[in-house]
Amino acid sequence: MEAYSEDGIKSNDRIYNRGGDIGDVTGIFNSNTSAEGGAAIYNTGKIGNITADFINNEAQARGGAIANGSAGVIGNITGDFIGNISSADGGAISNEGAISAIINSNFINNTVKNVDEYEFLQDDVYGGAIYTKKDLNIIADNGVSIFSGNKVDDDGVIVQNAIYADRGGIFSKEPVITLEAKNYGQIIFDDQIDGNAKGYQLHLKGDKTSEISFNNSIKNAHITLEETNVNVRDGVYISDNKSLDVKSGILNIANMNSTAINYEKFTVNGSININSVDVDLANNSMGHFSADEYGESNGNIDVKGVNLISDSHDSATKVLFADSSYADTVTYSGASHAYSTIYKYNVGYNPDDGFFTFVRSSGSMNPSDNFNPSVLTTPVSAQSGAYSTQMQTFNYAFQHADNFMSLPIFERIALKESGRYAMTGSAGIYSPLLTRIENAGYWVKPYVSFENIPLRNGPKVNTIAYGSLIGFDSSIKPVKYGFDRVLTGYIGYNGASQNYSGVDTYQNGGLLGGTVTLYRGNFFNAITLSAGASLGESHTMYGKDNFTMLLAGIGNKLGYNFEFKDGKYIIQPSMLMSYTFVNTFDYTNSAGVHIDSDPLHAIQLTPGVKFIMNTKNGWQPYVGINMVWNILNKNKVTANNVRLPEMSIKPYVQYGLGVQKRIKDKFLAFGQAMVSNGGRNGVSLSFGIRWFIGK
């Protein structure tokens, strides 16, 4: 029921106070409806403090929960306003009178909706949560006030709106909305604050322990900030206003887009901290404050970072940030460099003229330092990933030659003829190591390397390569011209990871290959051919990129044994020559940059020498050293048609030791450790086992 009284009568359902005087009100107003304004409370008289929750009330006129008329006076309001609806102004509260303050109250999912059958009352509706024509104070005192999910539904056009301030006629006083946070209080707006074009005052005040946060826009206001901390998620949220006066306190702006924020008047005597400013180098613009009139400013505007949204046409670009009237109050505390999606720029600010300067040249002799690391994924991965993986394959694909040519010649001859052992005059050497090397056999060879690669014209890359080759060797067969032949087939898994300049890249793939090895006396020659593919994943500052790589190659290794003391000591010079093809298929990275790559064609020359010792107990230790030259190993890569540096691996030296030994006349175990210095720095480890087929 509803109670009507000139003196004001309270009821459980609704309070209708027409000119009366009511004391304090407490309780819960839930699901009240009214054909008039204020489904829970209608007031044109006086009401004391209201401490109540207002839930799902609906009015067919102003104020879904409370309607305070022009003669109405209400004390403090404390409570939650949730899901209230009105068909005119003010989804939760319509205020044309006086309200002392709204304290520690939340406004959630309130709606003002223009209903067709009531359009004769007014064409437009305002104030998703609160509509006011008079001053309004909203306070968070050691508490939280949240405005979220409130909206205006005007004939299906929905706007997230919390408060609408209506100045009324041209001679009316501007409403003053005061938001005050104190004693660790917080006021949070997920919905906008708006008013008509005549303007209104928005005072943001409090103390240093508290915060007022805006996650939506403020419009048509004269904004004043004093003492407290105000957080604005985007500069555009405060762009459409009359003036901004930071008298004291701190205004924190998370981001400013690249357009100017223009006010009738702009004054800073407190602090403005801008976490990031968008810079459009192509159009020489960046987010900044401008005004028709500048007040005397003695505060500080600190730019903590810049976000480059385009590239400049020139190597150096100056962009205006601050008018000369306040340029000396601006400081730049961000990084000395910034990245566009393609380039790297040195950044500086001049307080004398208010311009930021962006210079593309880093001053480094390394051209890759001028680029964003995220666009270098393809050349870096091609060189330190796929190419290096292919080199590992060439190192380990000549397994049969590595085993067989560690024996002295008389043992190799004897093995081919008798399959057991050979004697030399009076001093016989029995080889328990490879008495079945002439037989067919399987082998497996895992490997891993830990290196850093200072690429020529590229970054220094920390890389880990790993994988395993599994192969099958045929038995030794004689062929023409005094040569013996072994055929080998192998498959392999390979993986690699690279880390450079904040970019992490991973590749995983497989390969298939075959080797033909020829022996004649102390000479050997082996040629291998392999092909494979890998999938790559790169994590950059913009997100995850995926790409596919196709790789193939051919390698040839030849060598000769010089034997001493009946083969107890062997010096084995060798030459490995190889060609590698790596194609990275074109892709668009997570920053929207199209990466176009021509195939990498690389030739590697690796002369080396191995010092081998054959012991009586079957152990075969050795020491090796190689010199590696990479030639023709550059590839053309473009990012949005911008040519990226052509990178390559510098020459390097490899040295290390290894050992192999026969186990129980059936297996051969081997291991090796090689250290690299120069164009590659680190260690490569490999080990494996071979087992023989037959008796």
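Bear in mind that the values in this text are calculations on the coordinates, not laboratory data. Values in this document were obtained by computation on a predicted structure and should not be read as measured data. Positions of Cβ are backbone-derived with ideal geometry, glycine not excepted, and every protein chain shown enters the neighbour counts.
One table, with the values for the structure above:
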quantity	calculated
Cα convex hull volume per residue for the chain (Å³)	217 Å³
Interchain or long-range residues, amide H under 5 Å from residue 252's placed H	230, 231, 232, 273
Kirkwood hydrodynamic radius over Cα pairs of the stretch 55-160, then Stokes diffusion coefficient at 37 °C and 0.692 mPa s, in µm²/s	244 µm²/s
Relative contact order (%) - the chain, alpha-carbon pairs under 8 angstrom, separation at least six	6 percent
Helix-derived mean residue ellipticity, 222 nm - over the chain, DSSP H n ≥ 4, -39500 (n - 2.57), to 500	-1000 deg cm²/dmol
Sorted peptide list for 450-459, 324-333, 186-195, criterion being average Cβ within 10 angstrom, highest first	186-195, 450-459, 324-333
Contour minus Cα-Cα distance for residue 442 and residue 650 (0.36 nm per residue)	71.3 nm
Full-stretch length increase - residue 328, residue 254 - with 0.36 nm per residue and alpha-carbon distance subtracted	24.5 nm
Interchain or long-range residues, amide H under 5 Å from residue 321's placed H	355, 356
Contour minus Cα-Cα distance for residue 452 and residue 353 (0.36 nm per residue)	31.2 nm
Calculated FRET efficiency for the pair residue 533/residue 613, C-beta based, R₀ 45 Å, to 0.05	0.65
Across 208/544; 344/544; 477/557; 318/544; 46/242; 480/565, pairs whose alpha-carbon gap is larger than 29 Å	208/544; 318/544; 46/242; 480/565
Charge dipole magnitude, Cβ of K and R +1, D and E -1 - the chain, Cα centre, debye nearest 20	6740 debye
Beta bridges per DSSP with both ends in the chain, % antiparallel, nearest 5	60 percent
Calculated FRET efficiency for the pair residue 464/residue 569, C-beta based, R₀ 41 Å, to 0.05	0.70
